[in-house]
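*Asks:* The structure is given below, and queries will be raised subsequently.
The values are calculated or read from the model by the stated rules, or taken from the named source; none is laboratory data. Computed from a predicted model, the values in this text were never measured in an experiment. Don't worry about glycine lacking a Cβ; one is built from the backbone with ideal geometry, like all the others, and counts go over all protein chains shown.
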Amino acid sequence: MSAEETKTVDVAIKTIQEHLDKEARNRSLPVLKPRELCPIQKVRLVNDLASVLEGDDGRSRVFGIRVPSAVSNLFGSIRRLI
């Protein structure tokens, strides 16, 4: 894994953790699993992850591999929902 990919993964993990921590605080819970996020928080999490994983050319990338257009379209649809 390249340094850039490692940085992207670290940012993605930090993004996920921030969403989990925020929702846990809102519910006064010590720990929260991703599937326990409320629907809006799930959408926001996916939107933020899409931003982290988006390449310079505007196409979503994961480990240097272009994400299929269906996934890119899904990210776009989710962004329009919020």
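*Asks:* Which members of the range 1-47 meet the condition of being β-branched (Val, Ile, Thr) and over 15 Å from the mean Cα position of the chain (by Cα)?
*Replies:* Within the range 1-47, the first condition is being β-branched (Val, Ile, Thr), and the residues that meet it are 6, 8-9, 11, 13, 15-16, 31, 40, 43, 46.
Answer for the range 1-47, where residues must be β-branched (Val, Ile, Thr) and over 15 Å from the mean Cα position of the chain (by Cα): Thr6, Val31.
*Asks:* Which members of the range 48-58 meet the condition of being under 21 Å from Asp10 (Cβ atoms) and either at pLDDT 80 or above or more than 11 Å from the chain's Cα centre (by Cα) (or both)? Outline the logic, then answer.
*Replies:* Looking only at the range 48-58, we keep the residues that are under 21 Å from Asp10 (Cβ atoms), and these are 48-56.
Within the range 48-58, Asp48, Leu49, Gly55, Asp56 qualify.
*Asks:* Now for a separate question. Filter the range 1-21 down to the residues that are assigned to a helix (DSSP H, G or I) and among the hydroxyl-bearing types (Ser, Thr, Tyr), then identify the one that is nearest to Arg35 (Cα to Cα).
*Replies:* Here is the first cut: in the range 1-21, the ones assigned to a helix (DSSP H, G or I) are 3-21.
Remaining after also requiring among the hydroxyl-bearing types (Ser, Thr, Tyr): 6, 8, 15.
Values: Thr6: 25, Thr8: 22, Thr15: 15 Å.
Within the range 1-21, the match that is nearest to Arg35 (Cα to Cα) is Thr15.
*Asks:* Now, a different point. Give the number of residues within the range 31-52 that are touching a residue at least 40 places away in the same chain (Cβ under 8 Å) and surrounded by 12 or more Cβ atoms within 10 Å (Cβ to Cβ). Outline the logic, then answer.
*Replies:* Taking the range 31-52 as the starting set, the residues that turn out to be touching a residue at least 40 places away in the same chain (Cβ under 8 Å) are 40, 52.
Subsequent filtering for residues that are surrounded by 12 or more Cβ atoms within 10 Å (Cβ to Cβ) retains 52.
So the count comes out to 1.
*Asks:* Return the only residue of Ser69, Ser2, Ser77, Ser28 being out of contact with any helix residue (DSSP H, G or I) (no Cβ under 6 Å at 6 or more places or on another chain), at pLDDT 75 or above, polar (S, T, N, Q) and loosely packed, with under 13 Cβ neighbours inside 10 Å. I'd like the intermediate steps shown before the answer.
*Replies:* Values: Ser69 fails: at pLDDT 75 or above; Ser2 fails: at pLDDT 75 or above; Ser77 fails: at pLDDT 75 or above.
Result: Ser28 is the single residue among Ser69, Ser2, Ser77, Ser28 that is out of contact with any helix residue (DSSP H, G or I) (no Cβ under 6 Å at 6 or more places or on another chain), at pLDDT 75 or above, polar (S, T, N, Q) and loosely packed, with under 13 Cβ neighbours inside 10 Å.
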